[in-house]
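The values are calculated or read from the model by the stated rules, or taken from the named source; none is laboratory data. Owing to the predicted nature of the structure, the values given are computational and were not obtained by experimental measurement. Using ideal geometry, Cβ is built from the backbone for each residue, glycine included, and neighbour counts are taken over all protein chains shown.
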Amino acid sequence: MDVRELLAKLKEVPEFKDWYSSHPDAKPVHVFLMLEQGADVKYDMGFFDFKKEVMSSFLIDDKMEHAQVTETKEIFTKDNQTIKPLDEERLKIGFKEAFEISHKVQKEKYAQHEPIKEVVILQNIAEGQVWNITYITKTFQTLNIKIDAETGNVVEDKLHQIFSFDK
């Protein structure tokens, strides 16, 4: 499902409408999902109220009938970066396309590192508005691929050790 379509459907869910009536300054800031074989897909869609400085997340599934909302007062950012809203007009690359691009990079450059779990976050960070896709691999490493959400260009791809043992 396209992110703009997900956002539009979420805005029709009663729990979101009720929450938004008391958070009219909130903007979408992330879409998060974790993919595991055999598990249902659940989307965590985050909104930040820039006036109240409160982050709220809505956990939803493909049916989009209900949403579970959680609100957090403390916001953790790396190196005191500011939270940037998603620019819905610039969301031209959907989840499916981003995933196809990341799979291609994984197969071409990191074939020996087969994924067992995938974590996907759409966010607006220093590198721009990106699909931030992380594979946890059978080789006990993480492969992180950032894809521009407007152009589909691979911004960055890096392999990291999960465990490192000192000798």
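Remarks
- Selection within the range 135-167 - in a strand (DSSP E or B), within 14 Å of residue 101 (Cβ to Cβ) and without any contact (Cβ under 8 Å) to a residue 24 or more places away in the chain: 144, 146
- Residues of the range 144-167 satisfying the condition of being buried (at least 19 other Cβ atoms within 10 Å of the Cβ) and touching a helix residue (DSSP H, G or I) at 6+ places or on another chain (Cβ under 6 Å): 145, 147
- In the range 63-92, the residues that are of a type in the set (Asp, Glu) and modelled with pLDDT under 70: 74, 79
- All positions within the range 91-136 that are surrounded by 20 or more Cβ atoms within 10 Å (Cβ to Cβ) and farther than 22 Å from residue 2 by Cβ: 106, 135
- Test: residue in the range 115-125 that is without any contact (Cβ under 8 Å) to a residue 24 or more places away in the chain, within 20 Å of residue 27 (Cβ to Cβ), in a strand (DSSP E or B) and out of contact with any Gly (no Cβ under 9 Å at 6 or more places or on another chain): no
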